[in-house]
Every structure is written in structure tokens, then in C-alpha cells.
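Have a look at the structure below before the remarks.
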Amino acid sequence: MSKETMKAVTVYGPSLAKMEVVPKPRATGDMLVIKVKRTGVCATDLSIFTGESSFIRRGEIKIPCRFGHEWAGVVESVGEAVTKFKPGDRVYSDNFVSCGKCAACARGDYMSCGDIRSVGTIKCWDGCYAEYMQMPERHVFSLPNELSMDEGALIEPASIAYDAFKGVALTEKSTAVIYGNGAIGMISAWLAKYYGAGQVIVVGRNDEKLKLAYPIGADAVINNKKEDAVLRIRELTNGRGADLIVETSGAESALRDSILATARYGRISIVSFYERDLNNIPMDPLVHGCISLVGAAGCDGNAPAVCKIMCENPVKLTPIITHHIPFESCIDVFENQPKYNSEKIKIMIDFD
């Protein structure tokens, strides 16, 4: 590390985070040092802050942890082995870092690396609640000029939602239902319409947030605090159920409803963490309906694929950004979560 310093936020225990002056990383070898411009606040970040994350309980996230994994920025300096980037380039990155030394890494199969570190989470690679990030060249990508820094920071959550649609063929006759009106849910609705679903339904618990689903792709919304979502989905599909359900809420009741609202031979993609073991899940309808239940958590190649979709899709995702908070005030987002909850979908931390 150099003698230069920067500000960064580290979680030291349940509901205890500090912004500190720490050594600034150096650009050596194949490493880049990137000035962070935007950082998105993720539900996983919130659970790390509170200590409720299941990954903390299982020892996969060690405290203290410099968290944060949704980001975009500008290259400040590059190591001597870097060939694809130069200072001033606009970039984003994968949300993981492979070892770069094993046989899998040598052949470019980074997801098969036996020593993967996740940015800001499991086996933590220092995250993006910091003025500067250090990343190896193999995990960094150019951010096209037509995309804003806000959109660059949305690539990571979109790359997680992207997994929910792999192996699914959506057509004008297909119904895709999204459970959850948070950022991943909204992005899933955006992707479902992009991939051709004739009917996209978003289920949530907040009318004001649900309204924002329409401009990004929803054809109908259901407030499941006010009506039975399973019955309404069946009504909207003439009794058949959804061809694809993307469960993004992390609520046990949403997973239970998803099983009951899926068409025979349909699929449920889970893009959420439940933070606990679940009970009262109706397995027999899952089996009898020949329903596929698939976990979706992102993988190598997703980020540039989503970036390409963002460039191609005339429908912008930026309406889901409900707050911009200066970096100096970012700890308030964690310490005072309730004051943001009624309105927030995606909070962006600004470093400009």
C-alpha cells in the first residue's frame, strides 16, 4: 500500500460502521486503481451492517468488512502489466475476484477458480464504499460513453437478475411474474419485457414503488397487502399461472405464493437471500406441477452481457434510482434505514 490515503467505510460489528482514513491502494502488476464515482446500496450491504446476514453467521463474511459491490468509476492509474486500460477510462467490474494463478484462471475459467473472493462480501475483496478501488484487469470492463455512471453502478445488480432468465424462452404468450418491488425486482421486470414476455406482472407491498414498474416494463401490478396475489395471477392468466416467476423479495410468503402461482412445467428463479432456513413451503405442488426451482446469483460474463442490453434497450433503468446521497453522509443510510424504506428502490452514493 502507498503512503497516500483515502476515505473508506468499514463494518466493525452489528450496526457499527466507521468512515476512516486508510491507505490508498496502489496500481502494480495487473492491478488498476479506480476512482469510484457511484456506489449502489444493496440489501446485502444492509444485512452485513446489521449483522443479520446468513453469510456472517456461517463465517463466510468476516468482520471487520469493507463492504459494497455495486459501482462504477474512472481509472486513475494502472500497473505495468495492464494493457487494455489507461487513466481516464470509464469502467465497471465483476463482483468477484479470482486468484489469477490457478489452472482455471489460466484458461480464463474464472468461476472455476478455487479461491474466489467476492467484492465487499464473502472472503471479502475490499469493497466500494471507498474513494478508490483496486481491481485486476481481468475483472474490469469499459463503460460505454452512452451509459451514465448511475447506469454503470446498476450493471452489477442487473447481472444478478440476468441469471433468472438463462434457459428461459419468453414469447408474446408468456407471463412473467416478479415478486418484489425493490431494485432487483424492477430490473427483473425490465429484463422480462426485453426478452419478449407478453405479460409482465410485478407483485409488491408499496403502491408508490409499484407505479415505477410501469415505465420499465410492467403490464400489471399487484399489491399483495391488499389482495391475494395468487388468485389475481390466476385471474390474469385465465387460470393457468405464470410461465416464469422471479422471486426477489426474500420473503417466505413470496416463495410459498410463487409455487402456488406457477403454471405446470413453469419455472421459479430465486434472486434473493432469505437469511434463515424456511418452513411451511408447499413442496407437493412443486413436484406435482413439474416446476423448476432455480437459484440465480450471477456468474462470469453476466456483467458485460447486461451492459450490452443496457446499450440496446431504449427503456432506461434510471427511474428506479430514488435517492442520491453524498459519500460523506452514506453511513446515515445504514444507521437510519426506516426513514428511507417507504420510498427507496435504489439508493446511489455519489462521490462527485
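The residues of the stretch 61-101 that are outside any loop (DSSP other than H, G, I, E, B) and of a type in the set (A, V, I, L, M, F, W, C), listed by number, are Cys65, Trp71, Ala72, Val74, Val75, Val78, Val91, Phe96, Val97. Residues in the stretch 143-197 that are in a loop (DSSP other than H, G, I, E, B) and either aromatic (Phe, Trp, Tyr) or out of contact with any helix residue (DSSP H, G or I) (no Cβ under 8 Å at 6 or more places or on another chain) (or both): 12 in all.
Residues that are under 20 Å from the mean Cα position of the chain (by Cα) and basic (Lys, Arg) within the stretch 324-352 comprise Lys344, Lys346, listed in sequence order.
Given the structure, is Cys290 assigned to a loop (DSSP other than H, G, I, E, B), surrounded by 16 or more Cβ atoms within 10 Å (Cβ to Cβ) and of a type in the set (A, V, I, L, M, F, W, C)?
No, not satisfied.
For residues in the stretch 17-30 being under 24 Å from the mean Cα position of the chain (by Cα) and buried (at least 16 other Cβ atoms within 10 Å of the Cβ), which is nearest to Phe67 (Cα to Cα)? Residue satisfying both the conditions and the ranking: Ala17.
Here Leu143 passes the criteria (1) surrounded by 18 or more Cβ atoms within 10 Å (Cβ to Cβ); (2) more than 19 Å from Lys346 (Cβ to Cβ) except the one numbered (2). For the stretch 304-313, indicate whether the set of residues that are of a type in the set (S, T, N, Q) and surrounded by fewer than 15 Cβ atoms within 10 Å (Cβ to Cβ) is non-empty. No, the stretch 304-313 contains no residue that is of a type in the set (S, T, N, Q) and surrounded by fewer than 15 Cβ atoms within 10 Å (Cβ to Cβ). Val78 passes every criterion in (1) buried (at least 20 other Cβ atoms within 10 Å of the Cβ); (2) under 23 Å from the mean Cα position of the chain (by Cα) apart from (2).
Against the list (1) under 18 Å from the mean Cα position of the chain (by Cα); (2) not assigned by TED's automatic domain parsing to the domain that holds Cys311, the condition Lys193 fails is (1). Condition first: in a loop (DSSP other than H, G, I, E, B) and either surrounded by fewer than 18 Cβ atoms within 10 Å (Cβ to Cβ) or at pLDDT below 95 (or both). Now tell me which residues in the stretch 218-236 satisfy that. Of everything in the stretch 218-236, those that are in a loop (DSSP other than H, G, I, E, B) and either surrounded by fewer than 18 Cβ atoms within 10 Å (Cβ to Cβ) or at pLDDT below 95 (or both) turn out to be Lys225, Lys226, Glu227, Asp228. Just one residue in the set Asn280, Asn313 is assigned by TED's automatic domain parsing to the domain that holds Thr237, out of contact with any strand residue (DSSP E or B) (no Cβ under 9 Å at 6 or more places or on another chain) and of a type outside the set (A, V, I, L, M, F, W, C); that residue is Asn280.
The values are calculated or read from the model by the stated rules, or taken from the named source; none is laboratory data. This is a predicted model, so every value here is computed, not measured. Because the Cβ atoms are built from the backbone with ideal geometry, glycine has one as well, and the counts that use them run over all protein chains shown.
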